[in-house]
1. Multiply the residue separation of residue 60 and residue 641 by 0.36 nm, subtract the distance between their alpha-carbon atoms, and state the gained length in nm to one decimal.
2. Could you list 430, 135 in order of exposure, starting from the residue whose Cβ has the fewest other Cβ atoms within 10 Å?
3. Quick one: order 514, 266 by neighbouring beta-carbon count within 10 Å, fewest to most.
4. Once you have the Cα-Cα distance between residue 496 and residue 550, take 0.36 nm times their residue separation minus that, and quote the gain in nm to one decimal.
5. Sort 535-541, 473-479, 232-238 by the packing proxy (mean of other Cβ within 10 Å over each peptide's residues), most packed first.
6. Just want to confirm a number: the relative contact order over segment 432-645, from Cα pairs under 8 angstrom separated by 6+ residues, in percent.
7. Treat each spin label as a single point 7 Å out from the Cα along the C-beta direction, and report the residue 376 to residue 142 distance in nm.
8. Which value in nm describes the separation of the simple spin-label points at residue 196 and residue 264, placed 7 Å from the Cα toward the beta carbon?
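Each reported figure results from applying straightforward, stated rules to the coordinates on display, with no laboratory input. The structure presented is a predicted model; accordingly, all values stated were derived computationally and were not measured. Neighbour counts are summed over all protein chains in view; Cβ atoms, including those assigned to glycine, are modelled from backbone coordinates with ideal geometry.
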C-alpha cells in the first residue's frame, strides 16, 4: 500500500514537472513568435508597393508624394528624402550625444566621489524615463523658439532641432552602458598604470577607455538604434517636409524622417491603398536598419564577453612574425589612408572649405596634445569631462523646472477629475488618466507572467545552446524594435486581421509585447543572483525542480522582478507611437465599459494639444506635468527598491 502511494506521488510530481516545463517553454518562444509575426505582417502589408514600384526606385526616388493617389494626380513613392532626413538627424544627434555621454560615463565611474555618484546615477536614469512626447513638447515650445530667435531664421523646426532633441534623448542610454563597460575594467589595470607613474588622465585615456572600447562601441550603437527609431519628438520639431537638405551642414532645413512619415500619414491613408502599402514599406526599411544596428551591437558585446572570458589566457603565437618597426610603418600608412578617405568623404558630402577647416582643427588638437604637459592635459580633460556632466544635469534640471513651473498652475481638482472641454482648452484630463492606467494594467497583466515564465525557462530549465541563443536573440531584436513598428504590427494584425478595431485590448497587447524583453531580462538577472548551492541543497533534500524554483529561488528574486515590472510600467505609461494606430482617441467624456472600446491616454492627449489645438498651452503643460510625475514616480520606486535590496542582499 505504501509503495502504491509513493508511486502515485512520483507520477503526480512527474506530470506536474512536465506540465510546468511545457508552459514555461511556450512562454519562452513567444518572443520568437512575436518577432516573426512582426516581420510577416510588415512584409504582407508592404509587399504591395513593390508590385507598383521597384525596390530600387522606392529606395532611390527623390519625390515622396503618395497623397497624389487620392487627388487624381501622379503619386510618387521615393523614400530617399525620408532616409536621408533620418540619417542626417541621427548623425547630428550622435555628434551631440557621444562626447557628452562618454564624458559623463567617465565622470561617474572614475572621477565622481561615492556620495556624488549616488545622486548622479539615478539622475541619469530619470532622464531616460522622461517620455519622448514630453521631450517633443519642450522642443516645440522652447527649443524651436530659441533657435528661431537666436539664429534669426523663419522657423526653428529643423534638422538641428531634431538632432539636439534626439541627442539629449540618447544621452542616458549611451551613458549607462558606457559606464558599465568602464566600471568593468579590472582594477589591476588602473593600479599598474598608476604605479608606473602615469597620471590619472593618462590611465583613463590610455588604459581604461581602450580596455572598455568594445562596451563603449556597443553603447554608441544601441544609442544609434534608439535615435533612429524615435517618433514623437521628431514629428514635433523637424518641420516634416520630405526634401533632401543641400548638405549635412544645412542644419536649418526642414526634414521628414521615416518614423515621422509613418506616424503622420497613417491616419490619412485609405485601408488597402498603395499609400498604406508604401508606409508599411517604410516600416520594412526602418526595421531592417534597426535589426542591422542591433546585430552589430550584439556582435560587439559578444566579442567583449569573449575578451573578458579569455583575459589572462596567453594568446597563441602568430604564425607570421612581423618586426616591430614594420608594424609601426604599417600603422602610419593605415592612418594616412584613413585620413584621406575621411577627407574625400567630407569634400563629397559637405564642401572643400569645411573639410579643410575640420582637418586643420584636428591637426592643431593633435599637435597641442603632444606638446602639453601631462598635468595640464589632465586639467583640460577633467574640465571637459566635468562640463559634460554639468550639461547633462542642466538639461534634466531645466526639463523638470520648465514642466513643473508651467504645469503647476493647471493642476486643479477640476483638471484631474473632469473630462476635456472645448477641444482640450478647458475641462480636465480624467479620462486620459484612467485610460493610461487601463493600458498599464492590461499590458502588465499580459507581459509579467509571460516574461517571468520565459526567464525561468531560460535560466533554470534550459542549458546554453542553440535554442536559448535563438530565444535570446529574439528577445534582443524585440527589445530593439522601434515603437512605431509595434504600432504598424498592431494595426495590421490586431486592428485589421483580427478585427479588434481601435480598442483598449489592442493597445494592451502591443504594449505588452514592447515591455516583454525588459521583464525577461530583469527577471533573468534576478534569478542569477541566487547561488547555485541553494538550488543544489533543495534538490538534495528531495524537492523537485519546480518546487525548488517556486519555494527557494523565486522568493529572493522577487525584488528584481518587481523592479523590472515597475520599469516596464514607466515605459508603458509614456509610450505614444504604439497606441496611435491601435487604442486611442483624442477626446471622450466617459471611461470605456469594455476592452473593445478605444480610450484616451495622457501621451497622445499631450501630443494633440501641443501640435493641433491653438490656445491649449496651459492644459498641455498640465498634462505634461501629470505624465512626467507618473512616469518619474515609477522610475524612482524602481531605483529605491533596487538600492534597498542591493544593500540588504548578501549571499
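1. 204.1 nm
2. Ordered from fewest to most neighbouring Cβ atoms within 10 Å, 430, 135 come out as 430, 135.
3. 266, 514
4. 15.4 nm
5. Ranking the peptides 535-541, 473-479, 232-238 by packing returns 232-238, 473-479, 535-541.
6. Working: 283 pairs, mean separation 64.1, N = 214.
Computed over segment 432-645, the figure is 30 percent.
7. Reported label-point gap for residue 376 and residue 142 is 3.8 nm.
8. 5.5
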